Amino acid sequence: MPAQNQPNGQPPFQPNGQPPFPQSGQPYQPGGQPPYQQQPPTPPTGQSRGKRVLVAVIGVVVAIVVAVLVRQGFNAAFGESKQDIVNEGVKQIKAQTTLPKQVDSVTTWTGVSAEDGTIHYRYTVQADPSQLDESALHDSVERQLCSTTETKKLLDRDIAMRYSYGFDGSSKTIDMTFTKADC
């Protein structure tokens, strides 16, 4: 009796009732082909390539993030300190300005110096200190500092600005310090 496929898709049986490949333990290969060795299924090439690209992209992103963090760490450890920025700022101011410098009809800018995390500006005022409103002076200086891009950048880097006003013929002084909290 010839071998026939069973209705439920089972492999055909030999006339003796045994499967065509006894003892092989391998699944039936249609068309009378010899049994194949089972190999793990390979993913479609698009999926495998996509995973490789994704892994490569993630690797590059991680490498960039690590490089940025390392650079920030080195800058924090070995980069410009706040005092270095203050010193450089004062050096540039002195290179660009000849002091003393008349600011207005009664105020002369007499000096600038680097202090601990602070740029200190000194002025002399030719006026009676009792005629000066300290609150108005404070507000005026603060408004000017907070509206000027370069000084705002320094304040944002936690560098303070100190202003000292001395008065001709008087021992009175007005001293004001501004920080990023003031802007």
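The values are calculated or read from the model by the stated rules, or taken from the named source; none is laboratory data. None of the values given here were measured: they were computed from a predicted structure. Counting neighbours? That spans all protein chains shown, and the Cβs are built from the backbone with ideal geometry, glycine included. With ligands, DNA and RNA removed, areas are computed over all heavy atoms of the protein, side chains included. Shrake-Rupley method; radii C 1.70, N 1.55, O 1.52, S 1.80 Å.
Odds and ends about this structure:
- Residue ID - nearest to GLY111 (Cα to Cα), chosen from residues in segment 142-178 that are of a type in the set (S, T, N, Q) and buried (at least 16 other Cβ atoms within 10 Å of the Cβ): SER164
- In segment 119-135, the residues that are under 14 Å from TYR163 (Cα atoms) and either touching a Ser or Thr at 6+ places or on another chain (Cβ under 6 Å) or open to solvent by 40 Å² or more (accessible area, probe 1.4 Å) (or both): HIS120, ARG122, TYR123, THR124, VAL125, GLU134, SER135
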